[in-house]
1. Can Arg338 be described as modelled with pLDDT of 90 or more, in a helix (DSSP H, G or I), under 30 Å from Ser414 (Cβ atoms) and over 60 Å from the mean Cα position of the chain (by Cα)?
2. Here are some residues: Arg121, Arg165. Which one is open to solvent by 40 Å² or more (accessible area, probe 1.4 Å) and within 60 Å of the chain's Cα centre (by Cα)?
3. Please pick out the residue among Ala92, Ala60 that is of a type outside the set (Ser, Thr, Tyr) and touching a Lys or Arg at 6+ places or on another chain (Cβ under 9 Å).
4. In region 343-359, how many residues are surrounded by 19 or more Cβ atoms within 10 Å (Cβ to Cβ) and part of a helix (DSSP H, G or I)?
5. Could you tell me whether Gly406 is more than 12 Å from the ligand (Cβ to nearest atom) and either open to solvent by less than 20 Å² (accessible area, probe 1.4 Å) or over 17 Å from Gln379 (Cα atoms) (or both)?
6. For region 463-503, enumerate the residues that are modelled with pLDDT of 60 or more, of a type in the set (Val, Ile, Thr) and in contact with a strand residue (DSSP E or B) (Cβ under 8 Å, 6 or more places away or on another chain).
7. Taking Ala362 as the residue in question, decide whether it is away from the ligand (no atom under 12 Å from the Cβ) and either among the basic types (Lys, Arg) or assigned to a strand (DSSP E or B) (or both).
8. Leu63 - would you say it is under 18 Å from Ser149 (Cα atoms) and either of a type in the set (Lys, Arg) or open to solvent by less than 30 Å² (accessible area, probe 1.4 Å) (or both)?
Amino acid sequence: MRFNPSLTARLRIGFLVLFALLLVVSLLGVGRLFQIRVDYENDITRNFQLELESERLRSAFILEQAAARPATPHQKPSQVELNQATASFQAAAKRASDLTDDDAALKTKLAKVVASEAAWRKHVAEPLVGGTVPPNGIEQRLTSAVTNSGESLAIETRNARDASRDHARSETRNTTILVAAGLAGALLAALILFSGLINSMRAPLGRLVAGARRLAGGDLQTRVEVGGPVEIATLGRAFNEMANSLERDARERDRVEQMKDDFVLTVSHELRTPVTVVKGFAEMLTAQRKSLNSRQFEAAEVISESAGQLQKMINDLLDLARSDAGKLRIEPEPTAVRPLAQRIGRQMRPHFDEKSQRFTVAVEKDLPDVEADAVRIGQVLANLLTNANKYSPEGAEVKLSASRVGDEVEFAVSDTGPGLDEEQLEHVFDRFWRAESGETQSGGTGLGLAIAKSLVELHGGAISATATPGEGATFRFVLPIAKDGRPTTQQTPAGRAKAGAAG
Ligand code: ADP
């Protein structure tokens, strides 16, 4: 099994290693500095004692000299005093020798002092005490040998003290540098450790963030590669499980949607034939008015009207269901705008006249053909005009216009009716949406604009609405110009098609 500790374990290990490293470096450093200090103090004490002993050697030698050669002529050299001074010289030499145990240079210097004193005693002091005056040259040489060697011992002692101080200084400096380097090394190790830890999390976290973005963007097949510390690996697995379940849900939803679309499609289709039959018979009955009494005639009319509404609703539902199932087919071809607008205008005119509304059609001159299914775009225009007629009061103005906007042709149906507020505009193309109150509350199905939107979009166009409450509404949609769309040169006698020309 691969060793993959959790985040907390990694952090713990990291801190533990760092703590141990810092502790070891600090302990070693402090211990070493303490040892240097102790050694230095020992050296200072020893050198101080050595200096003391070399002073004692010097004074003992002076006493020896005084015993061998008294200061005043009437005093005699004293063997006893010489012995005492010699004893104190030797005692000092012994103590000094103990202090120079591990210092060869000092030991040699001390040995020289002891040897020169012994030589002086043998050749100068002993003869003087015995009453024999040694030759002047010998006494002088031996005496200065003792003095000089004592002097050089004192110098050596001072040198040893200086050397020990320098040694302590350089040791302290070296140790401080070493401890600082150790601490820096430990911190560097910690840095490497933590950046390794962060790096081990960065890649899997990055994958998770990218995966979440793709998922949010709708790519339900997104899965992430599971990796990194245990916690992040668990997060990765949870993410993949969530994506699995989302994909499952989406598939299920699609299946249910598909079933619903199929159902609506089938039912609408099955309903169409009987409703057409009912409508046909009702119309046949109303056509034979003479053979019906007035109540029968009214009933036949109501049946015909209701069957007509039902037929329209079924057709709308069929269109929407087909559009959802991707089965709504259009047959676009280069279509001249002016004849299309005029044809729909002609069909709608009686409705406007009925409500005394002023209806105009304005098509820009030299408009190119649009790539459109004339029947379906006719349906869209009729729907927009029916709404303008239905929701605008008597005497209102309604205008159907077409003009070129860039590479497209824009159709607009505007009216001076009740308009729509901002919130209503947001929903106006929603299925089954109808204004809840006021003049625009209709007996309609709320499907007309939804179908218009589907049809325009199927053509690669776009539809929109603008309105001011109380002042009117304008519905616009654009269609692409046909590839070989040439400007229509054919003109109506009135030039620009107006209501009069269209009718
Ligand atoms: P229907 O007309 O069958 O209700 P539509 O989808 O054609 O369905 O219209 C949806 C709703 O939008 C209508 O019920 C009406 O409230 C509002 N509406 C549509 N056209 C206009 C218009 N020209 N002026 C004001 N309101 C409108």
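1. Numbers: modelled with pLDDT of 90 or more: yes; in a helix (DSSP H, G or I): yes; under 30 Å from Ser414 (Cβ atoms): yes; over 60 Å from the mean Cα position of the chain (by Cα): no.
Here the answer is no, as Arg338 does not meet what is asked.
2. On the way: Arg121 fails: within 60 Å of the chain's Cα centre (by Cα).
That would be Arg165, the only listed residue that is open to solvent by 40 Å² or more (accessible area, probe 1.4 Å) and within 60 Å of the chain's Cα centre (by Cα).
3. On the way: Ala60 fails: touching a Lys or Arg at 6+ places or on another chain (Cβ under 9 Å).
Just one listed residue meets the conditions, Ala92.
4. Initial filter on region 343-359 (surrounded by 19 or more Cβ atoms within 10 Å (Cβ to Cβ)): 344-345, 348, 352, 357, 359.
If we keep only those that are part of a helix (DSSP H, G or I) as well, we get 344-345, 348, 352.
So the count comes out to 4.
5. Working: more than 12 Å from the ligand (Cβ to nearest atom): yes; either open to solvent by less than 20 Å² (accessible area, probe 1.4 Å) or over 17 Å from Gln379 (Cα atoms) (or both): yes.
So Gly406 passes the test.
6. Ile463, Thr466, Thr474, Val478, Ile481
7. Answer is yes for this residue.
8. Working: under 18 Å from Ser149 (Cα atoms): yes; either of a type in the set (Lys, Arg) or open to solvent by less than 30 Å² (accessible area, probe 1.4 Å) (or both): no.
So Leu63 fails the test.
The values are calculated or read from the model by the stated rules, or taken from the named source; none is laboratory data. Computed from a prediction, not measured in an experiment: that's the story for all the values here. Neighbour counts run over all protein chains shown; Cβ positions are idealised from the backbone, glycine included. For the accessible areas, the whole protein counts, side chains as well, though only heavy atoms, and no ligand, DNA or RNA atoms are used. Shrake-Rupley method; radii C 1.70, N 1.55, O 1.52, S 1.80 Å.
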